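Here the structure comes first, spelled out in C-alpha cells, and everything after it is commentary.
The values are calculated or read from the model by the stated rules, or taken from the named source; none is laboratory data. Quantities reported herein were computed from a predicted structural model and do not represent experimental measurements. Note that each Cβ is placed from the backbone with ideal geometry, even for glycine, and that neighbours are counted across all protein chains shown.
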Amino acid sequence: MSFDKLPAIAFLTLCGLAAAQSAGNQTLPAGTMQPKALAACTSCHDEKIIVQQRLTKALWIREIDKMIKWGAILDPSDRDRLIEYFSENFPPDKPAYVASRSAASRHRSSKSTGIKARD
C-alpha cells in the first residue's frame with residue numbers, strides 16, 4: 001500500500017464514523033425501558049418523533065398521558081419509569097436533534113424555487 005493514499009483512507013474512515021454516529025442519533029437509547037418505549041410508542045409512529053423532542057419532566061408527563069388516552073398500550077406500573085426514561089434522555093437542555101439528510105433532499109433544497117426577489 002502506498003503512503004500517499006493514507007490521507008484519503010483516514011478521511012473515508014472518519015466519514016463512516018460520522019455517518020454511524022448520526023444514524024445512532026435516530027434511535028432510542030439503550031436502557032431497561034427502551035423495549036417498553038418501543039412497544040408502546042412505535043406501533044403508531046417512528047422513533048425519530050421521540051428522539052427529536054426536548055421536554056421538561058412536566059411536559060413528558062403530559063405527552064405520555066396524552067398518548068395513553070389516544071391508545072398507547074403501556075402497563076400502568078411502567079408509566080413513571082417511562083417518564084423518567086424520556087426525561088433523562090430527552091431533556092430541554094440536551095443539544096437539539098439534527099436530522100440526517102439524504103442526497104435527494106439536499107438536491108431538492110438546492111433547486112431554485114422559481115420565485116424571483118424584488119428589486
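With a requirement of 2 or more residues that are modelled with pLDDT of 95 or more and basic (Lys, Arg), the helices (runs of 4 or more DSSP H) lying completely within region 19-119 that satisfy it span 57-69, 79-89. Among residues of region 34-63 that are touching a residue at least 24 places away in the same chain (Cβ under 8 Å), those with a Cβ under 7 angstrom from a residue that is aliphatic (A, V, I, L, M) and loosely packed, with under 14 Cβ neighbours inside 10 Å, sequence gap 6+ or separate chain, pair up as 40/73; 54/96.
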